[in-house]
Amino acid sequence: MNNQDIVKASLKKRYAKEKRFKLYGILSITISFLFLAFLLADITGKSLPAFTQTYVKLEIDFSHKNLKLKEKTSYSEEELFKASYRTLASKALYQLFPDIKSRKDRKTLRGMVSVGAQYELRDMVIDNPNLIGTKKEILVLADDDLDSFHKGLIDRSIPEELRRVKDKQVIWIDKLEADGRIVTRFNLRFLTSGDSREPELAGIWGALKGSFYTMMITLLLSFPIAVAAAVYLEEFAPKNNKFIDLIEVNINNLAAVPSIVFGILGLAIYINLFGMPRSAPLVAGMVLSLMTLPTIIIATRASIKSVPQSIREAALGVGASKMQVIFHHVLPLAMPGILTGSIIGMAQALGESAPLLMIGMVAFVADIPQGFMDPATALPVQIFIWSDSPERAFIALTSAAIIVLLIFLFLMNFLAIILRKKFETRW
Amino acid sequence: MNTQDHISQAYNDELEEVRSKVLTMGGLVEDHFQGATKALLKGDTELASDIAKYDYKVNALEVEIDDDCTSLIARRQPTAGDLRNVFAVIKIVTDLERIGDESEKIASFVTELSVDTKSMTIYNSLKSMIKTAREILSAALDCYARLDAKQALEVAKLDEDLDSNFNDLKRTLITYLIEDVKNIEDFIRVMWCARSIERVGDHAKNICQYVVYVAHGNDIRHITDQKD
Amino acid sequence: MSNQDELELLQELGETVGTPKLKEKVRMSCNHVDVFYNETAQAIFDVSVDLGKNQILAMIGPSGCGKSTLLRCLNRMNDTIDGCIVNGEITLDDEDIYNKTIDPVLLRANVGMVFQKPNPFPKSIYDNVAYGPRLHGLTKNASELDDLVEESLTKAGLWKETKDRLNKPGTGLSGGQQQRLCIARTIAVKPEVILMDEPTSALDPIATATIEELMYDLKSFYTIAVVTHSMQQAARISDRTAYFHLGRLVEVNNTDDVFTNPEHKLTENYITGRFG
């Protein structure tokens, strides 16, 4: 056989191999997509209940007697604040179910409305003192058990001993529903309030703010330091120097260190040695920036290396100093790669919970942090805490929080892509 | 011939300078031939000695032009038409220098002549030969100046006439020589002059052949010899 | 001629043949320059040569003969190479450029360089040319800068082709145009000397001819040193030619003489294409 024939014979096998390889590729991509779709569908499905909130429509009597207020024309804010709102909702409920007499039953009846309802009513009165002395149909926040039952998350058919919602309550709920007094609205509270033991009052705003402050600190600390370090290592450091080599090896290895080690470092040094406040975004940011530094350094170095030497020479030839070459030419050209590395690092930092647990962010923090030193929690930690809680409603909340985290990540990536496109130039 | 300018203006200038030097040399040579033949016809020994003295100018130009061409080849690496042009110039300049030499020879013979050519019976043939030769030379230089290949062919024909004129003159001279042996030296001198004039025609014809080479890339030298 | 014979001839060479030093109108001067790439690898051996004012000096020689190395010493580009040592004296207008008091950045504004591969900045055409003047603060206001950019582009023979698209990227031009842009960029800083390292080796013949014609025009404003692989290019454009061989300067003479009647045998061998 001559050469042509040998090649021809082998060609068939080669093409078959390539086809198989292509097939494996398509198969694996398809499977990955299916898994991804399943994951997203599952989470989204579980999270839907969290976006709506059940209310009970009650006729609230804002009488002076109920509020324990003297009759006056105007009241100071302090007076309004101190007034009694606790019994307003309960009284309205007793009116709806007059035959419920026993103390135990009344307690159960009261339990259908959220403990936070009184604070809502208080805020309503403070905003609008004209309500005093009137009777009004108000949408009162329902308790989480009622809420879960109404959304069908608590199964009617299971025996009473195993159910959170007792049979008596079921009857009352059905009656209220029949009267049209059960209303569901969009759950804005999810996005505007901080954490709470009660699911119907719990929101993600605190964690969002905490994450946001933490990310800002991380970015402000890690980005400049990392870029400066990479520029030094690439442009200024003497080559073939043992000390510099040691530094390089260490930086590369840091990228592989388990994140919890950074948490321990933060605990030992920032909190114990420096005495910084526990679970503050500032400390969290400092810890996370240590974690992100190696990622950004490595990406920046690779980017800088890829800038062609001819550009540097051209700039030098026109009389630019070394610093000017770096700032006017090398860094702008390396920016796409640097930004990519930064986003990867930041996204990693955003999703980290282990180091944050070490510095105390796992504590129950109900208040919304106002500054960098206030105790706060972060999104992934919040998800972790909620996933631990027993109430049925928290399942939906956890999933909803995961969705919010994913959206946050997606937005960050999107921003990075826009920035990268802005900086990208051909050469 | 490509008349478009090169991208390098300096290159254009160098080629132009060579061309104008060749034309200058041609002019000089033409003048010298005119003068030498006039002296021959009129027996003007003073004019003749002047002509002989100034031949060095022609030689100097030949060296100069050759130098320029060498330089051009080394530095510009001319190709195609430019190369043929430079090659032809080197050859033309050689022929022009030869024509100058022939004029010088004629002039020196005139100074040695003891009798006036007017008194010779061959005077009219000589006169007509000289007229033809002058025509040929002028046409050849014109041919180079305008790089006109057509004119080259006409010149070739004229040269044939010149050759046959020369043969006639030879026969007449020999006839008279047999009858009048006394003036043999003068006759021989006049013979050499006629031969020089015939040579001038040949050189001029060569120049025209080079022009054809430059214009068309055909080397038409020696083709007619083969045919014969 | 075998390599051995060549080496022998090289070793016998005492001083550079021809006229490496000029008596007058000298812009830059190299005196007994040695260049080492590290302790042991010597690239240039005892080279002395002058660059004449408003002249083009071509540097030719086989690969690795040190011509590019010497060129890069003239504007201290070799400073960026670790371990590169330059001994001897190199002067610009009689001032030693390797003196400790001389700032290489300032030197490079005076001695510009054009590279083998056209390397315009990834900026607009206007910004490419304006970068140098802006850097050094050569102009007082925007309209002066505009004039300077126009002047430089005109001198580089690029104004007509680019005046209507000054804010388009410089990288969008053709190869020959890019190289002319690099030349415009270099002359915008108003240097005294322009160094060119094989400026046309990456270009097609017409672009090459255009650049060569440009170099001929620039000669009246600047002093130019060109390193070239093409002997024919050296023959076409330069006033003086320097032939390097294995780090030694063999011969420097007027270009006409070098190409019609070189003095040294090695020069003749190189030019005629005869090698062992």
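Any read-out appearing in this document is the output of simple, stated calculations on the displayed coordinates, not a laboratory observation. Model, not experiment: these values are computed from the prediction. Please note: Cβ atoms are built from the backbone with ideal geometry, for glycine as well, and neighbour counts cover all protein chains shown.
Calculate how many DSSP beta bridges within the protein assembly as shown are antiparallel, expressed in % of all such bridges and rounded to the nearest 5.
Of all bridge pairs located within the protein assembly as shown, approximately 65 percent are antiparallel.
To test your reading of the geometry: what angle, between 0 and 90 degrees and rounded to tens, separates the Cα axis of helix A:393-423 from the longest principal axis of chain A?
40 degrees
Rounded to whole Hz and in sequence order, give me ³J(HN,Hα) for the range C:215-229 from the Karplus expression 6.51 cos²θ - 1.76 cosθ + 1.60, θ = phi - 60°, writing x for Gly and Pro.
So the Karplus estimates, Gly and Pro as x, are 4, 4, 5, 5, 3, 6, 9, 10, 9, 10, 10, 10, 9, 9, 7 Hz.
Fewest to most neighbouring Cβ within 10 Å: what's the order for A:VAL261, A:VAL113, A:VAL307?
A:VAL261, A:VAL307, A:VAL113
Residue by residue, what Karplus-based ³J(HN,Hα) values in Hz, rounded to whole numbers, does the range B:104-110 have, using 6.51, -1.76 and 1.60 with θ = phi - 60° and x for Gly and Pro?
For the range B:104-110, the Karplus-derived couplings read 5, 4, 4, 4, 5, 5, 4 Hz, x marking Gly and Pro.
How large is the charge dipole for chain C, taken about the Cα centre, if only the Cβ atoms of Lys, Arg (+1) and Asp, Glu (-1) carry charge, to the nearest 20 debye?
With only Lys, Arg, Asp and Glu charged at Cβ, the dipole is about 1000 debye.
Tell me the trypsin sites (Lys or Arg not before Pro) within the range A:69-161 that lie in a loop according to DSSP and have at most 15 other beta-carbon atoms within 10 Å.
A:LYS70, A:LYS72, A:LYS101, A:ARG156
Please report the net charge: other residues with Cβ closer than 14 Å to the Cβ of A:PHE364, K and R +1, D and E -1.
-2
Projecting each Cα onto the charge dipole of the range A:172-214 (Lys/Arg +1, Asp/Glu -1 at the beta carbon, about the Cα centre), which of A:VAL183, A:SER211, A:TRP172 comes out farthest on the positive side?
A:SER211
Restricting to chain C, compute how many DSSP beta bridges are antiparallel as a %, nearest 5.
Expressed as a percentage, antiparallel bridges in chain C total about 55.
Using a Förster radius of 22 Å, what is the FRET efficiency between A:THR44 and A:ASP155 based on their Cβ-Cβ separation? Nearest 0.05, please.
Rounded to the nearest 0.05, the efficiency is 0.50.
By counting other Cβ atoms within 10 Å of each Cβ, how are B:MET191, A:MET112, C:MET113 ranked from fewest to most?
B:MET191, A:MET112, C:MET113
Compute the length gained on full extension between A:SER76 and A:TYR94: take 0.36 nm times their separation in residues and subtract their Cα-Cα distance, giving the result in nm to one decimal.
Gain on stretching A:SER76 to A:TYR94: 3.4 nm.
Could you go through the range A:249-262 in sequence order and give the Karplus-derived ³J(HN,Hα) for each residue, using 6.51 cos²θ - 1.76 cosθ + 1.60 with θ = phi - 60°, rounded to whole Hz, and x for Gly and Pro?
With coefficients 6.51, -1.76 and 1.60, one gets 4, 5, 4, 5, 6, 4, 5, 9, 5, x, 5, 5, 4, 5 Hz.
Under unit Cβ charges (Lys, Arg +1; Asp, Glu -1), what dipole magnitude, rounded to 20 debye, does the range A:3-48 have relative to its Cα centre?
About 360 debye.
Using a Cα-Cα cut-off of under 25 Å, which lysines could be cross-linked to A:LYS12, ignoring same-chain neighbours fewer than 8 residues away?
Straight-distance partners of A:LYS12: A:LYS22.
Could you list which residues have their amide H under 5 Å from that of C:VAL250, counting only those 5 or more apart in sequence or on another chain, with H placed in the peptide plane?
Close amide H contacts, sequence-distant or interchain: C:TYR243, C:PHE244, C:HIS245.
Contact order normalised by length for the range C:3-272, with contacts defined as Cα pairs under 8 Å and 6 or more residues apart; what percent is it?
Dividing the mean separation by the residue count of the range C:3-272 yields 29 percent.
Among C:ILE44, C:THR101, C:HIS32, whose Cα sits farthest toward the positive end of the charge dipole of the range C:26-173 (+1 at Cβ of Lys/Arg, -1 at Cβ of Asp/Glu, about the Cα centre)?
Toward the positive end, the furthest listed residue is C:ILE44.
Could you tell me what fraction of 2.2 N^0.38 Å the Cα radius of gyration of the protein assembly as shown comes to, as a two-decimal ratio?
1.70
Counting other Cβ atoms within 10 Å, which trypsin sites (Lys or Arg not before Pro) in the range C:191-276 have at most 12 and lie in a DSSP loop?
Counting only loop positions with at most 12 other Cβ atoms within 10 Å, the trypsin sites (Lys or Arg not before Pro) in the range C:191-276 are C:ARG274.
Subtracting the Cα-Cα distance from 0.36 nm times the residue separation, let me have the gained length for B:THR70 to B:GLU112 in nm, one decimal.
11.1 nm
Grab the DSSP H runs of chain A that are 4 residues or longer, score each as -39,500 (n - 2.57), total them, divide by all residues and round the 222 nm result to the nearest 500 deg cm²/dmol.
It comes out at -19500 deg cm²/dmol, rounded to the nearest 500.
Can you give the helix-only mean residue ellipticity at 222 nm for chain B, where every DSSP H stretch with n ≥ 4 adds -39500 (n - 2.57) and the sum goes over all residues, rounded to the nearest 500 deg cm²/dmol?
Using -39500 (n - 2.57) per qualifying helix, the result is -29500 deg cm²/dmol.
Only four residue types carry charge here, +1 at the Cβ of Lys and Arg and -1 at the Cβ of Asp and Glu. Report the dipole size of the range B:9-227 about the Cα centre in Debye, rounded to the nearest 20.
Around 460 debye, computed over the range B:9-227.
Using Cβ counts within 10 Å as a stand-in for footprinting exposure, how do A:TRP205, A:TRP386 rank, fewest first?
A:TRP205, A:TRP386
Could you name the lysines in cross-link range of A:LYS135, using Cα to Cα under 25 Å and dropping any fewer than eight places away on the same chain?
A:LYS57, A:LYS65, A:LYS68, A:LYS70, A:LYS72, A:LYS82, A:LYS91, A:LYS101, A:LYS107, A:LYS175
Report the net charge of residues surrounding A:GLU198, where surrounding means a beta-carbon distance below 14 angstrom and charges are Lys +1, Arg +1, Asp -1, Glu -1.
-4
For the range C:21-180, would you read off the P(r) tail past 18 Å as a percentage of all alpha carbon pairs?
Here the long-distance tail beyond 18 Å is 67 percent of all Cα pairs in the range C:21-180.
I need the P(r) histogram for the range B:9-227: all alpha carbon pairs, bin width 10 Å from 0 out to the longest distance, whole percents.
8, 32, 31, 19, 8, 2, 0
What is the ratio of the Cα radius of gyration of the range C:3-272 to 2.2 N^0.38 Å, where N is its residue count, to two decimals?
Compared with the compact-globule rule of thumb, the range C:3-272 sits at 1.02.
Just need the relative contact order of the range C:169-276 here, percent rounded to a whole number, with Cα pairs under 8 Å and 6+ apart.
Value for the range C:169-276: 19 percent.
Taking H placed 1.01 Å from N in the peptide plane, check which residues at least 5 places from C:ARG27 or on another chain put their amide H under 5 Å from its amide H.
The answer is C:LEU51, C:GLY52, C:LYS53.
Which whole-number percent gives the relative contact order of chain A, counting Cα pairs below 8 Å spaced six or more residues apart?
19 percent
Could you calculate the FRET efficiency of A:ARG164 with A:LEU36 from 1/(1 + (r/R0)^6), where r is the beta carbon distance between them and R0 is 56 Å, rounded to 0.05?
After rounding, the FRET efficiency stands at 0.95.
What trypsin sites (Lys or Arg not before Pro) in the range C:67-118 are in a loop by DSSP, with at most 13 other Cβ atoms within 10 Å of the Cβ?
C:LYS100
Report the Cα centroid-to-centroid distance between the range A:66-83 and the range C:7-28 in angstrom, as an integer.
After rounding, the separation between the Cα centres reads 108 Å.
Picking from A:GLY317, A:ASN3, A:PHE410, whose Cα lies most toward the positive end of the charge dipole for chain A (charges on Cβ: Lys, Arg +1; Asp, Glu -1)?
A:ASN3
If I build a Gaussian network model for chain B, linking alpha-carbon pairs within less than 10 angstrom, which residue out of B:SER103, B:SER71, B:SER125 has the largest mean-square fluctuation?
B:SER71
Could you compute the net charge surrounding C:PRO199? Neighbours are other residues with a C-beta less than 15 Å from the C-beta of C:PRO199; K and R count +1, D and E count -1.
That sum, taken over residues with Cβ under 15 Å, equals 0.
A 20 angstrom limit on the alpha carbon distance is what I want to check against. Which of B:LYS157/B:LYS205; A:LYS239/C:LYS117; B:LYS118/B:LYS182 exceed it?
Check vs 20 Å cut-off fails for A:LYS239/C:LYS117.
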